[in-house]
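Just below is one structure, and these are the notes that go with it.
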Amino acid sequence: MALKNTKQRCAVMRVLKDSSDPVSAEDIFAALKDEYPSLALSTVYRNLERFAADALIEKEVWSDGVVRYSIAQEHHGHYLICTGCSAKIKIEECPLTGIEQGLARDTGYEIEGHTLAIYGKCPKCAKKRKPLKEK
């Protein structure tokens, strides 16, 4: 069944396309609430689930428990994510290209894609955890 092309549905997709990083339903809702005052968060979630079911977007759960969404096939992201403050840094160069090619060669798989998230503490959060030296 084809999706009905509504203004709100188009706006949700526009936010996804304009974002360079995966975004949560709450992020999308916040970005659209001034433009669409009657928009409900449940409508954003319902549209995201439908887009994901139709493979138009990808859905992933990050370590903070928040589900984030990105445009399918265009999203090829690699991130360093702080487990303290949830800050994220995008890794521009794909560190998995060689591994992916080797796996395809060794296993016969036709690899269609991958994602990578590396979790740890950012310098600011790591500094907070270090005990102060006694004098």
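The values are calculated or read from the model by the stated rules, or taken from the named source; none is laboratory data. Quick caveat: nothing in here was measured; it's all calculated off a predicted structure. Neighbour counts run over all protein chains shown; Cβ positions are idealised from the backbone, glycine included. The accessibility values were calculated without ligands, DNA or RNA, using every heavy atom of the protein model including side chains. Shrake-Rupley method; radii C 1.70, N 1.55, O 1.52, S 1.80 Å.
Quick notes
- The lysines within cross-link reach of Lys128, meaning a Cα-to-Cα straight distance under 24 Å and a gap of 8 or more places when in the same chain, are Lys88, Lys90.
- 3J(HN,Hα) along region 47-60: 5, 4, 5, 5, 4, 5, 4, 8, 6, 7, 9, 10, 10, 9 Hz, from the Karplus curve 6.51 cos²θ - 1.76 cosθ + 1.60 with θ = phi - 60°, whole Hz, x for Gly and Pro.
- What the chain shows is 71 Å² of accessible area per residue, with the surface traced by a 1.4 Å probe over protein heavy atoms.
- Those aspartates and glutamates that a straight Cα-Cα span of less than 15 Å connects to Lys17, excepting residues fewer than 8 apart in one chain: Asp27, Glu58, Glu74
- Mean separation of Cα contacts under 8 Å, 6 or more apart, over the residue count of the chain: relative contact order %: 19
- Viscosity 0.890 mPa s, temperature 25 °C, Stokes-Einstein D of the chain from Kirkwood C-alpha radius, µm²/s: 142
- Within the listed set Glu112, Glu49, Glu60, the residue fluctuating most in the Gaussian network model of the chain (springs between alpha-carbon atoms under 10 angstrom) is Glu112.
- Leading residue at positive end of dipole, the chain (Cβ point charges), from Leu56, His78, Pro123: Pro123
- Extending 7 Å from Cα along the Cβ direction at Gln8 and again at Arg50 yields two label points whose distance is 1.0 nm.
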